[in-house]
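What follows is a single structure, written as structure tokens, with notes after it.
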Amino acid sequence: MHGPASSGWLLVALCAATGAYCLLRMRSGVEEQRRAAGGEALMGFGMAAMAVPAAVFTPPAWVWPAYAAVFGAAGLRALWAARSGRHHLHHLVGAAAMVYMAVVMAGSPAHAHGHGASGTPLLTGVLLLYFAGYVLLTGVRLIPVVTVAGGGPGAPSVPAPGGGAGAGGRAGAGWGDRPELARACRLSMAIGMLAMLLPL
């Protein structure tokens, strides 16, 4: 979808790896996490397919309306799920961004894979600001917090509570249930979304 083939393939690899990890997270014992991971896997694989360089594959015209329909349905599902949790609003914005990019691609058949495609500058700018803010905030949340035991200079540092193994510091939780890995997954998709929105 974007620029040189090498950067396009890097974006494909990032999104496909993220989608594959989200599929693994669907084995979680927590139903809410399984549902969120399913939506994120769809997003990761959808972004990977959209990012394939145009020199390799130019999709037929029907692909873009199909993308808009699939991610429109995913957005409605996220909107419904947002009643129970605020974090679903991020999924809604991601789905809306995918619909927006699909509509832009459908509207520029001469540049069917995004080269020179032109979206609405205001909407593109709002989405870029949202995903840039999300990347920064999530990146900060992934930085481990360290407290100093005893508080004096030279005292040994001790990881803050909640930094242990498993979700929320509970030992024995599966690696797929670790919130920091889910955050890293969402962070990589947000970075990919920024890369895909920039050329619009």
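The values are calculated or read from the model by the stated rules, or taken from the named source; none is laboratory data. Quantities reported herein were computed from a predicted structural model and do not represent experimental measurements. All accessible areas refer to the heavy atoms of the entire protein, side chains included, with ligands and DNA or RNA removed. Shrake-Rupley method; radii C 1.70, N 1.55, O 1.52, S 1.80 Å.
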- Return a whole-number percent for the relative contact order of region 1-92, with Cα pairs under 8 Å and 6 or more residues apart as the contact set. 29
- Rounded to the nearest 10 Å², the accessible area of Tyr100 at probe 1.4 Å: 30
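With a 1.4 Å probe and all protein chains left in place, how much of the accessible area of region 35-87 comes from carbon and sulfur atoms, in whole percent? Numbers along the way, then the final one.
Numbers: 2000 of 2780 Å².
Of all accessible area on region 35-87, carbon and sulfur atoms account for 72 percent.
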- Note on the structure: So for region 1-111, using the alpha carbon gyration tensor with a ≥ b ≥ c as root eigenvalues (a/c under 1.5 gives rounded; past that, a/b versus b/c decides prolate or oblate), I'd call it oblate
